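K.L.:
Following this message is one structure expressed as structure tokens.
The values are calculated or read from the model by the stated rules, or taken from the named source; none is laboratory data. Predicted model, so just to flag it, every value in this text is computed and none were measured. Virtual Cβ from ideal backbone geometry, glycine too; neighbours counted across all protein chains shown.
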Amino acid sequence: MQNRFLTPGVLGIESLFVFIQSGLYYFESLVGVKVEQSVIIYSVTIAIQIGLLLLLMNASKGMMLSNFKVLLLLTMAFSMLLRNASTFLQVLMDPNEFDKLQSSLYPSFQKMNAQPILIFGALVLFGLLMIVFFKLRHKLDALHLGVDGAKMLGINTKRLSNVVIVIVIIMTSLSTILVGPLQFLGFMIANLTYQLTKEYKHGVLWLFSAILGLVIVLSAQLIVERVFLLTIPISVFIEGIGGVLYLILLVKGEKPGAT
């Protein structure tokens, strides 16, 4: 199934990350055991995400192929459920732990300045994952032919989809750790890339999307500074524009003859 709506944010990857982090801080306030945010904690969080989402995706694979609208509603409901569960845990936890959690989860590009070691590790891991993606680019290009077409070319689509899901979860978690949850930034970059390039080769799409993402973030920073005079956070501005784009494309896709 090829669609442009099932992005990591819509699938609930970021919401799951926030829920797990909220659970860790709630556990800390409940039993009095200090849980320091470290590479180990982040690794455990990512591992839990991979396990749960692989289970969810494989369980709903038939629905993904047959009824996209139902799957989209389920993933959005899953994401909303996780956000509500996170809010419930945050209400119950100690105020000091809540402040620590909020400061670590609030989307901000300024947070990266205080984590040079984490940034270095994330860049190394990101580079390794991009090497894997680069080697898979031709197989991913073949998926434009559909699942049956890719299978006829000898591609193990189930194994490929699982590998891609794992890589996407890790990359999304890295960005959430460094910056915070930004649900619609990736969606906006991906859809604008498809609209502007009209390209199917993933190598070209990745390069263009990286440049476009940099342009979007820098432009948003400039607008927030010059137009809004820093009265709103850049994350709120980006999420607002991305949310509007999501609704426009969703309504456009419902119109007869829309592609």
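K.L.:
Tally time: how many residues in the range 199-245 are of a type in the set (K, R) and either in the same structural domain as D141 (by TED's automatic domain parsing) or over 25 Å from V164 (Cβ atoms) (or both)?
P.N.:
The number of residues fulfilling the criteria is 1.
K.L.:
For the range 190-218, what are the residues that are over 27 Å from I117 (Cα atoms) and crowded, with 17+ Cβ neighbours inside 10 Å?
P.N.:
A190, N191, L192, T193, H202, L205, F208, listed by residue number.
K.L.:
Can you name the residue in the range 227-259 that is part of a helix (DSSP H, G or I) and among the charged types (D, E, K, R) and is also modelled with the highest pLDDT among such residues?
P.N.:
E239
K.L.:
Conditions: (1) closer than 29 Å to G51 by Cβ; (2) surrounded by fewer than 17 Cβ atoms within 10 Å (Cβ to Cβ); (3) small (G, A, S). S175 meets all but one. Number of the miss?
P.N.:
Of everything listed in (1) closer than 29 Å to G51 by Cβ; (2) surrounded by fewer than 17 Cβ atoms within 10 Å (Cβ to Cβ); (3) small (G, A, S), S175 misses just condition (2).
K.L.:
Out of V224, V204, V132, V168, report the one residue that is closer than 22 Å to Y246 by Cα, more than 18 Å from the chain's Cα centre (by Cα) and in a helix (DSSP H, G or I).
P.N.:
Checking each option against the conditions leaves just V224.
K.L.:
Quick one: in the range 138-163, of everything that is under 20 Å from the mean Cα position of the chain (by Cα) and at pLDDT 85 or above, which residue is surrounded by the most Cβ atoms within 10 Å (Cβ to Cβ)?
P.N.:
The residue in question is L140.
K.L.:
On to the next question. Find the residue count for the range 124-169, including only residues that are over 17 Å from A210 (Cα atoms), touching a residue at least 12 places away in the same chain (Cβ under 8 Å) and in contact with a Leu (Cβ under 9 Å, 6 or more places away or on another chain).
P.N.:
16
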